[in-house]
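Enquirer: Take a look at this one; I'll ask things after.
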Amino acid sequence: MKRIALSLFFFVCCGCGTGGSSGGGAVALPSAGLGPYVWTDITVGNEKAPFGPEYGAPYAIGVDGEVWLYLRHCADATGCRIMMAKSTDGLHFDSPQVIATHPMGLDHPVVLKENDKIKLFAMSSARDAVLEFTGSKTGEFRFKRLLPIPSVTAPLLELSVVELGARQMFLFNTTAAPTEWRVFHDDDESVTAFVSELCGSACELSSWPSLVSFKLARSDRGRAILRALAVTDNNSGDNELNVYGSFDGYTWHAYENNPVLSTPADINRLTMATDSRRFFIYAELDTQERTIRGAIHESGVPSIIY
Amino acid sequence: MRWILLWILLAANLSLANPLDSFGLGPRAIALGGAVASDVRDSAATYYNPAGLAFSDKLRMDFGYVLMRPHLEINGHSQEVDDSRGVQLGISVPGSILSKRLGIGLSVHLPDEHISRIRALPAQQPRWILWDNRPQRIVITSSAGLELLDGLSFGFGLTYLANTAGVLNLTGDVDLADPELTRLLAGVDVDLTAVRYVSAGLQWHPDPHWSFGLTYREDFRLALDIGVDVSGDVVVGDSVVVEQGQFIVRSVSRTMFSPQQVTGSVSYNESPLRIGFELGWLQYSRFPSPAAQVDIELDLSPLTVALPTPAQPGPPRFRDIMIPRIGVEWLTLKTQALSMMLRTGYFFEASPVPSQRGQTNFVDNDKHGISFGAGFEIQTRGAIIDGPLTIDIAALWIELANHHVEKSNPVDPIGDYTHRGRLLGVSSSIGVTF
């Protein structure tokens, strides 16, 4: 009996072992990551200084857990060009490298990523044309063509490019009619008005404002979603950032926690991105010292990829 | 000795639940897919069918261990849900009353990581709704079975679970002008109250081959009740602005729910083969919202200060489910010294969670459970040990089928996601008959 009791004791107490854990079950859960955001400084280069006033028009994408930030750079008489900086944390970026130049000058980059290939679209410095470049994740970009956007008589103001299936859709407005958004489909080379239903009665906006960044987002394991980051004035004179979403580009819904961010400064351009852990907004703020600032939200794992 | 054990059993008439719903109790039952309510007779009957205790022949003690390791992932990311592991002890004591057979049993599942676990997340936050809290629990089941007629028995059990309610009391003066002058005294008042539920069963053996079982388990729910009560005067300098103002916050979170269950079971035993089939009904439609219900009261009269009413969680609208189970046992070896049985089982547990296209994200999947096991009976006889020494082992694989959630709203903060997983487990025990 004693032998049995000893055997049982060792079976139960020693064979099992005791441990403990930090209490799992909430690791890497999808994040409710659309705000609220908090403005934060972002830095660049070894000096970890802010982006200088020569940088502008940020556009960011998430690539393999990093954030790649594309910028217009107008430092000298050679004209403006497109540079790109990488960051592993979304807050501090390596020194930017020139990735695209053109005699017409370049402004307002937009990037589409397809596996290892990357397409770069940029306005000419005069904002009277859109240029397409092709490249890869590792190399420089090569000029491919001028996009034949017809019927545009005034300079372009904003430009977004989204790829829906095999179609490339260019959403843009002009300085002559900032709130009249238009669509150019690459495959039929025609320009039409961007007719969309914005939030119905749930949305205070009756039409799109002049500053909107449209981007195709994708659930980690789900469908493509069109997201719009729009800037509107509130009654206090601040600029508010609001997020809208659509499955089809026609019917749009407002995010319930709008506005996700606000600033007293004017915003020249803004973009949204994710790394493997956080959501970021980058904006060119039109302050006395024109600067790129970031905004961050971190909780869990982003379930929406930009 | 038996009467001492009986006294201990009655005095300790409390039981907790419920990782047993998730994995089962004892390697034999686990290996048979849980389809044992018609003929279980050892200490596992305390959970599967207390009526079976009436047919236990000898005092038996079981010592075992169970380990379940979940691999649960959302969007390909592991959530690192904790293992469920612990010691499983059981005892069944036969007896008689008014010349009728009577059996009493006690089983204990004692986790060796978490004695209890409470987690309440916002309704929008994805979480494994049935795995976060359910397996992390002490379980003590006590039951008794009485033979009513020849071959027919009735069993009954009671379960008590600890419930938590606590209030943080802050009393004193709040100085609006100078926070440094605010004086509050804190007191904590926490109660551990009991929640009780009932289980009952019938077992019928009309002939040596056929056995039937019917089991009922009452539902129960555990809540985490936390309150903050701030009361006192609000002053500015020497003048009292609010006399006996009060700010009360109360949060009630349903942290655990086990549904009402009815199980019908039948088995056929023609040596060397035993086949059991079972069908259970689980009333998950009464599943309460697991999100915290928060009530706030603010009384600062004569000041007119109001707080917005917190949003109350809506019903999760879970659905009732049926769980079919089947188990096969084959006596492969029988000698005077040793018997060996091989076992296998299967069950299918549909998810009670409805489509999560809206704001909530209660994650659960349909489950296929496949199990294997073996049992050995070693004949021993001594001064105290008066029967075979049994060794049982089991392995359980629960596959959580891939499930994809598509949200109806394109601005849903979580978006579409996919979840899947599996749970792998082993269980073993040694049974000693006295």
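Enquirer: Taking only Cα atoms, what is the 0 to 90° angle, nearest 10, from helix B:2-11's long axis to the longest principal axis of chain B?
Expert: The answer is roughly 20 degrees.
Enquirer: Mind putting together the pair-distance distribution for chain A? All Cα pairs, 10 Å bins, whole percent per bin, short to long.
Expert: With 10 Å bins starting at 0, P(r) equals 6, 26, 34, 19, 5, 3, 3, 3, 1, 0.
Enquirer: What's log10 of I(q)/I(0) for segment B:361-434 at q = 0.16, 0.28 Å⁻¹, Debye sum over Cα points only, no solvent?
Expert: With no solvent term, the Cα-only Debye profile gives -0.72, -1.15.
Enquirer: Can I ask one more? How long is segment B:170-289 along each principal axis, judged by its Cα atoms, biggest number first, in Å?
Expert: Dimensions of segment B:170-289 along the principal axes of its Cα atoms: 89, 23, 21 Å.
Enquirer: Mind putting a number on the dipole of the protein assembly as shown about its Cα centre? Charges go on the C-beta only, +1 for Lys and Arg and -1 for Asp and Glu, and I need it in Debye to the nearest 20. Numbers along the way, then the final one.
Expert: On the way: 59 positive and 80 negative charges, 651 e Å.
Rounded to the nearest 20 debye, it is 3120 debye.
Enquirer: What is the mean number of Cβ atoms from other protein chains located within 10 Å of the Cβ atom of each residue in peptide B:414-422, rounded to a whole number? Write down the numbers at each step before the final one.
Expert: Numbers: counts 12, 18, 11, 7, 4, 2, 0, 0, 0.
Mean inter-chain Cβ contacts per residue within 10 Å come to 6.
Enquirer: A follow-up question, please. Restricting things to Cα coordinates, could you compute the convex hull volume per residue of segment B:294-434 in Å³?
Expert: 189 Å³
Enquirer: Residue A:139: net charge of surrounding residues, Cβ under 13 Å, Lys/Arg +1, Asp/Glu -1, itself excluded?
Expert: So the environment of residue A:139 carries a net charge of +1.
Enquirer: Pull up all non-local amide H partners of residue A:211: gap of 5 or more, or a different chain, and H-to-H distance under 5 Å with H placed in the peptide plane.
Expert: When sequence neighbours closer than 5 places are left aside, the close amide H contacts are A:231.
Enquirer: Something else about it: Taking each residue of B:75-83 in turn, how many C-beta atoms of other protein chains fall within 10 Å of its C-beta, and what is the average?
Expert: Mean shielding by partner chains, rounded to a whole number: 6.
Enquirer: Sort A:273-283, B:295-305, B:88-98 by the packing proxy (mean of other Cβ within 10 Å over each peptide's residues), most packed first.
Expert: Numbers: A:273-283: 22.8, B:295-305: 11.6, B:88-98: 19.5.
Output ranking for A:273-283, B:295-305, B:88-98: A:273-283, B:88-98, B:295-305.
Enquirer: Before anything else, pin down the relative contact order of chain A: Cα pairs under 8 Å, at least 6 apart, normalised by residue count, whole percent. It would help to have the intermediate numbers written out before the result.
Expert: Working: 743 pairs, mean separation 57.8, N = 306.
Taking the mean separation of contacting Cα pairs over the length of chain A, I get 19 percent.
Enquirer: Which three semi-axes in whole Å describe the equivalent ellipsoid of chain B, each the square root of 5 times a Cα gyration tensor eigenvalue, listed largest first?
Expert: Over the Cα atoms of chain B, the ellipsoid semi-axes are 48, 26, 18 Å.
Enquirer: Rank A:255, A:287, A:235 by how far each Cα sits towards the positive end of the charge dipole of the protein assembly as shown (+1 on Lys, Arg Cβ; -1 on Asp, Glu Cβ) and give me just the farthest.
Expert: A:255
Enquirer: HN-Hα J couplings of segment B:59-67 from phi, Karplus 6.51/-1.76/1.60, θ = phi - 60°, integer Hz, Gly and Pro as x?
Expert: For segment B:59-67, the Karplus-derived couplings read 5, 9, 10, 10, 10, x, 8, 10, 9 Hz, x marking Gly and Pro.
Enquirer: Continuing with the same structure: Per DSSP H run of at least 4 residues, take -39500 (n - 2.57); add these up for the protein assembly as shown, divide by its residues and hand me the 222 nm value, nearest 500 deg cm²/dmol.
Expert: On the way: 5 runs with 31 residues, N = 740.
So the helix-based figure for the protein assembly as shown works out to -1000 deg cm²/dmol.
Enquirer: With respect to the cross-link table entries A:119/A:215; A:86/B:407; A:113/A:144, which display a Cα-Cα separation exceeding 26 Å?
Expert: Flagged as over cut-off: A:86/B:407.
Enquirer: In addition: Using a 10 Å cut-off on Cβ atoms, rank the peptides B:363-370, A:165-172 from the highest mean neighbour count down.
Expert: By packing density, highest mean first, the sequence is B:363-370, A:165-172.
Enquirer: Across segment A:158-261, what fraction of all alpha-carbon pairs, as a whole percent, falls in each successive 5 Å bin from zero upward?
Expert: 2, 12, 21, 26, 19, 11, 5, 2, 0
Enquirer: Say R0 is 25 Å: what FRET efficiency, to the nearest 0.05, do residue A:203 and residue A:286 get from their beta-carbon distance?
Expert: Calculated value: 0.45.
Enquirer: Related question: Roughly speaking, what is the centre-to-centre gap between segment A:214-240 and segment A:117-148 when only Cα atoms are used, to the nearest Å?
Expert: Centre-to-centre distance over Cα atoms comes out at 24 Å.
Enquirer: Run the numbers on chain B and let me know its relative contact order in percent, using alpha-carbon pairs under 8 Å that are six or more apart.
Expert: 18 percent
Enquirer: Using only the Cα atoms, what convex hull volume per residue in Å³ does the protein assembly as shown have?
Expert: 226 Å³
Enquirer: Per-residue counts of other Cβ atoms within 10 Å, averaged by peptide: what ranking do you get for B:225-231, B:280-286, B:392-398, highest first?
Expert: B:392-398, B:280-286, B:225-231
Enquirer: Kindly write out, for segment B:305-313 in residue order, the coupling ³J(HN,Hα) from the Karplus curve 6.51 cos²θ - 1.76 cosθ + 1.60 (θ = phi - 60°), rounded to whole Hz, with x marking Gly and Pro.
Expert: With the stated coefficients, segment B:305-313 comes to 10, 10, 10, x, 6, x, 5, 9, x Hz.
Enquirer: Still on this structure: Ordered by residue, what ³J(HN,Hα) values in Hz, to whole numbers, does segment B:203-209 give under the Karplus form 6.51 cos²θ - 1.76 cosθ + 1.60, where θ = phi - 60° and Gly and Pro are x?
Expert: Coupling constants for segment B:203-209: 9, 9, 10, x, 8, x, 9 Hz.
We did not get these values from a lab; they are worked out from the coordinates using the rules stated. Model, not experiment: these values are computed from the prediction. Glycine also receives a Cβ, built like all others from the backbone with ideal geometry; neighbour counts cover every protein chain displayed.
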